[in-house]
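The values are calculated or read from the model by the stated rules, or taken from the named source; none is laboratory data. Computed from a prediction, not measured in an experiment: that's the story for all the values here. Please note: Cβ atoms are built from the backbone with ideal geometry, for glycine as well, and neighbour counts cover all protein chains shown. SASA here: full protein model, heavy atoms, side chains in, ligands and nucleic acids out. Shrake-Rupley method; radii C 1.70, N 1.55, O 1.52, S 1.80 Å.
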Amino acid sequence: MKRTVKKAFELGLIAFCSAALLSCSAEAPVRTAQYAVQGLFSAVLSDDGATALVGSIQHGGSFWVNAVNERRFNWNHAKGEYSSLLGVDIDPSGQFAATGGARSLVLWNTATGKSDGFWTTPGDIQSLKLTQNGDYALVGLNDQTARFFDIKRGGIKQTLRTGSTVRAVDVTPDGMLGITGDDSSNVTLWDMQTGEKKHQWPLSNDIASVALSADGKYAFGAAQLGNAKIWSTKTGKELTKIDTGALKYRNVTISQAVFSKDDRSILIGEVNSRVSLVQVSTGVVQKEWEIFTPKSRPSGASVLALAFGSGNRYYAIGSNGYLNVLE
């Protein structure tokens with residue numbers, strides 16, 4: 001009996017030490033800046049991390065230059081109101097941005113700050129993503145579809161029917177491939193020229209986040225409190241399984257993900273404030289950070305936006321309204 005108790009104590013001590021080691025291995029940001037006081041509905045970073053667009057709980061939309069933490073423009077969908085923006089994006093060129101309200105979609109010029117198009121949508125916007133130069137927007141809706149909008153001239157190029165609410169979307173810069181994640185636990189890859197399904201991958205729960213590599217070779221999908229995987233878009237075969245339990249002791253929800261330009265790494269953000277740099281080929285975590293959370297607020301913040309900067313610099317925005325510069 002004594003041996004059993006001693007063994008259990010030793011195992012518990014090992015587990016405690018391992019957990020402590022993992023916790024200590026997560027680094028803090030090298031710089032932070034507050035972009036919203038009451039927190040955010042949505043956020044996005046430009047591909048190089050130079051600019052940010054946030055949908056604030058208190059003050060609607062705003063466009064920021066991150067190097068100097070300057071609010072360049074305030075963007076809302078109606079004069080005299082602060083819009084609740086549930087989806088935002090900056091196109092790969094950085095020249096255009098889009099904001100999505102309940103059933104309204106606006107294209108903005110990031111140089112002038114002026115609107116280049118205002119549209120209504122057939123359902124409430126859950127997520128959105130722009131192609132190169134802001135030519136098209138893939139929009140996930142609560143009407144069981146994702147719509148591929150010609151956001152500059154108007155009109156729907158494709159309607160992707162999923163059978164349930166589309167929570168997450170991504171599209172390649174050239175607009176050839178799109179990906180959706182829905183409440184039926186399916187990650188679906190689409191041919192955006194024909195509107196046909198190329199591959200569909202079921203996961204263990206409603207889908208929380210999806211991502212495509214810029215060259216369209218790889219797809220990522222993660223379930224709420226469930227599994228996360230990377231697939232080949234060409235063959236549809238699973239390449240890597242990311243251990244969401246190993247990310248922080250038990251299964252966590254990955255709220256955001258973005259591939260590096262060379263496809264070697266993927267940056268992953270969780271709902272519990274953690275950001276991880278993961279090797280695409282193996283799923284091994286290479287580095288971890290904890291985004292900033294003020295002591296005066298409840299602990300934790302969901303990671304809403306990520307970007308690879310130059311060199312070994314990375315960017316993250318949390319739901320608490322803070323920009324985080326990571327190294």
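Give, in nm to one decimal, the length gained when the segment between ASN69 and ASP215 is fully stretched (0.36 nm per residue of separation minus the Cα-Cα distance).
49.5 nm
About the Cα centre, and with charges only on the beta carbon of Lys, Arg (+1) and Asp, Glu (-1), how big is the dipole of the range 168-221? Nearest 20 debye, please.
Result for the range 168-221 is approximately 140 debye, rounded to the nearest 20.
Expressed as an acute angle from 0 to 90° and rounded to the nearest 10, what is the orientation of the C-alpha long axis of helix 2-25 relative to the principal long axis of the chain?
40
Using a 1.4 Å probe on the protein heavy atoms, what percent of the accessible area of the chain belongs to carbon and sulfur?
50
Rank ALA214, ALA97, ALA222 by mean-square fluctuation in a GNM of the chain with C-alpha springs under 10 angstrom and give only the top-ranked residue.
ALA214
If r is the Cβ-Cβ distance from ALA26 to TYR82 and R0 is 35 Å, what FRET efficiency results, to the nearest 0.05?
So, using R0 = 35 Å, E works out to roughly 0.55.
Considering the dipole of the chain built from charges on the beta carbon (Lys and Arg +1, Asp and Glu -1) around the Cα centre, which of GLY113, VAL44, HIS77 is farthest to its positive end?
Positive-end residue among those listed: VAL44.
Calculate, for the chain, the solvent-accessible area per residue in square angstrom, rolling a 1.4 angstrom probe over the heavy atoms of the protein chains.
Accessible surface, normalised per residue, equals 45 Å².
Once you put a point 7 Å from the Cα of GLU238 and another 7 Å from the Cα of ASP124, both along the Cβ direction, what distance in nm separates them?
Distance between the two pseudo-spin positions: 3.3 nm.
State to the nearest 20 debye the size of the charge dipole of the range 254-327 about its Cα centre, where the only charges are +1 on K and R beta carbons and -1 on D and E beta carbons.
The dipole of the range 254-327 has a size of about 160 debye.
Quick one: which of LYS234/LYS287; LYS198/LYS229; LYS197/LYS229 span more than 22 angstrom between C-alpha atoms?
Those over the limit are LYS234/LYS287.
What per residue convex hull volume, in Å³, comes out for the chain when only alpha-carbon positions are used?
Convex hull volume per residue, Cα atoms: 138 Å³.
Report, by chain and number, residues whose modeled amide H sits under 5 Å from the one on ALA305, excluding near sequence neighbours (fewer than 5 apart, same chain).
It is ILE317, by chain and number.
Karplus couplings for the range 142-151 from phi (6.51 cos²θ - 1.76 cosθ + 1.60, θ = phi - 60°), rounded to Hz, Gly and Pro as x?
8, 9, 6, 9, 10, 10, 9, 8, 7, 6
Long-range amide H contacts for GLN158: which residues qualify at under 5 Å (H placed 1.01 Å from N, peptide plane, sequence gap of 5 or more or a different chain)?
Here the answer is PHE148, since their amide H atoms fall under 5 Å of that of GLN158.
Quick check: residue separation of LYS197 and ASN133 times 0.36 nm, minus the Cα distance between them. What number comes out in nm?
In short, 20.5 nm is gained.
Rounded to whole Hz and in sequence order, give me ³J(HN,Hα) for the range 105-115 from the Karplus expression 6.51 cos²θ - 1.76 cosθ + 1.60, θ = phi - 60°, writing x for Gly and Pro.
9, 10, 9, 10, 8, 6, 7, 9, x, 8, 6
Quick one: putting +1 on the C-beta of Lys and Arg, -1 on the C-beta of Asp and Glu, what dipole do you get for the chain around its Cα centre, in Debye to the nearest 20?
So the magnitude is around 840 debye.
Tabulate in residue order the Karplus-calculated ³J(HN,Hα) for the range 60-66, using 6.51 cos²θ - 1.76 cosθ + 1.60 with θ = phi - 60°, rounded to whole Hz; enter x for Gly and Pro.
x, x, 8, 10, 10, 9, 6
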